[in-house]
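> Can you read through this structure? Questions will come right after.
The values are calculated or read from the model by the stated rules, or taken from the named source; none is laboratory data. In this text the structure is predicted, and so the values were computed from the model without any measurement. Neighbour counts run over all protein chains shown; Cβ positions are idealised from the backbone, glycine included. When the accessible area is computed, the model is the full protein with side chains, heavy atoms only, and any ligands, DNA or RNA have been set aside. Shrake-Rupley method; radii C 1.70, N 1.55, O 1.52, S 1.80 Å.
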Amino acid sequence: MSMDRRKFLNLSGLGISSFTITGFIPKSIQTLNGQEPMNGQSTTLRNINPVVVATWDAGLAANLAAWKIIGAGGKALDAVENGVKVTEDEINCCVGLSGNPDRDGHVTLDASIMDHEFNCGSVAFLERIKHPISVARRVMEKTPHVMLVGVGAQQFALSEGFPLEPNTLSKDAKSSYENWLKKSEYKPVINIERKQATSQLDPSLMAPHKLSNGEWNHDTIGMIALDSFGNLSGSCTTSGAGFKMRGRLGDSPIIGAGLYVDNEVGAVVATGQGEDVIRVAGASAVVEQMRQGKSPAEACKFVVERIRRIKKEKAKDIQVCFIALNTKGEAGAYALHKGFNYAVHTKDGNKLFESSSLD
Ligand code: GLY
């Protein structure tokens, strides 16, 4: 039996989803570039061949923008910023100014970014600015701070030349909010991200578009990348939980919870119920498991299991997912529940994978 075949069986036995550059490649769902999936094949890439990994179906389009940079020898930091800007620009339930509002009808955005030298920046509770990820990068590069919030974050963005956008809701968000107001129940729906319409994907390939009271109310685009210099970076950006209490922050702007990068070990980003990612310092916890020798997917699984232990019965009502990438360019993911997809772009193409999960 070949090494690759053994690796496939071992990983299958663990129920683990991973994308290993020199080993098992899980079943991919969809490609954006017309290339055939590489199911079960092995490929031989050098470790510093670039890799970019992003959350959800929207990650495919985001990866394409990131790959234009990283595939041409650019830096991971530039790739992860420009990749998620694509999603911030789309009509999307859960990212950018078209996202769902809080329960008072205001869209508030959270984002963070981190590079290979522990430089990091984030913004939270930011209103009326189109690209929070770029403001987070300016916080990182131009201030002595890591995090700016609310009015202060907006003032900083304006001082940096970001335009103030109109205080309006997108058509979808308005309709969703009006539906939500009928009952005013705070009830996030798991895997809601797969119901989002995105401008660059074929709608027939997506889960059915359906709006109902309280739906379309969660989540995050997260991206992690390894560049040809061997450097890792990560980003994440979200409008957070739809119909949240005014002032609520999720995990995405919190370094160590929604995002963490350690260039000696790996990069991790989280998506899902932010409160439950924060309580286990999720992204940092996954990095520490990789430091102990676990593969990216095993490390993600370890922390997902911790969340299930903590939440007990309530775990059935939440979704939490992690994607991870190590310094060798091996990527993996794990989710609490079925339905989480992640997109991986290497020199061999841009492909969507279904993550393994605890159910
Ligand atoms: N994971 C994004 C949030 O909970 O806001």
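> Among what's in the range 315-359 and is of a type in the set (Val, Ile, Thr) and open to solvent by 10 Å² or more (accessible area, probe 1.4 Å), pick the residue that is modelled with the lowest pLDDT. Give the steps one after another, and end with the answer.
The first filter runs over the range 315-359 and keeps only residues of a type in the set (Val, Ile, Thr), leaving 318, 320, 323, 327, 344, 346.
The next check asks that each one be open to solvent by 10 Å² or more (accessible area, probe 1.4 Å); those that pass are 318, 327.
Values: 318: 92, 327: 96.
For the range 315-359, the residue satisfying everything is 318.
> When you scan the range 249-278, how many residues do you find that are more than 7 Å from the ligand (Cβ to nearest atom) and touching a helix residue (DSSP H, G or I) at 6+ places or on another chain (Cβ under 7 Å)?
Result for the range 249-278: 11.
> While we're on this one: Report, by residue number, each residue of the range 215-248 that is at pLDDT below 95, closer than 19 Å to residue 277 by Cα and either among the charged types (D, E, K, R) or away from the ligand (no atom under 13 Å from the Cβ) (or both).
219, 244
> Of all residues in the range 279-319, which are among the polar types (S, T, N, Q), outside any loop (DSSP other than H, G, I, E, B) and within 16 Å of the ligand (Cβ to nearest atom)?
The one that is among the polar types (S, T, N, Q), outside any loop (DSSP other than H, G, I, E, B) and within 16 Å of the ligand (Cβ to nearest atom): 284.
> Please go through the range 139-165 and pick out each residue that is open to solvent by 90 Å² or more (accessible area, probe 1.4 Å) and within 15 Å of residue 106 (Cβ to Cβ).
Scanning the range 139-165 gives a single hit, 151.
> All but one of (1) aliphatic (A, V, I, L, M); (2) touching a helix residue (DSSP H, G or I) at 6+ places or on another chain (Cβ under 8 Å); (3) open to solvent by less than 20 Å² (accessible area, probe 1.4 Å) hold for residue 136, so report the exception by its number.
(2)
> If a residue must be of a type in the set (S, T, N, Q), within 25 Å of residue 350 (Cα to Cα) and surrounded by 24 or more Cβ atoms within 10 Å (Cβ to Cβ), how many such residues does the range 214-271 contain?
So the answer is 7.
> (1) modelled with pLDDT under 95; (2) in a helix (DSSP H, G or I); (3) more than 16 Å from the ligand (Cβ to nearest atom): which one isn't true of residue 212, the others all being true?
Of (1) modelled with pLDDT under 95; (2) in a helix (DSSP H, G or I); (3) more than 16 Å from the ligand (Cβ to nearest atom), only one is false for residue 212: (2).
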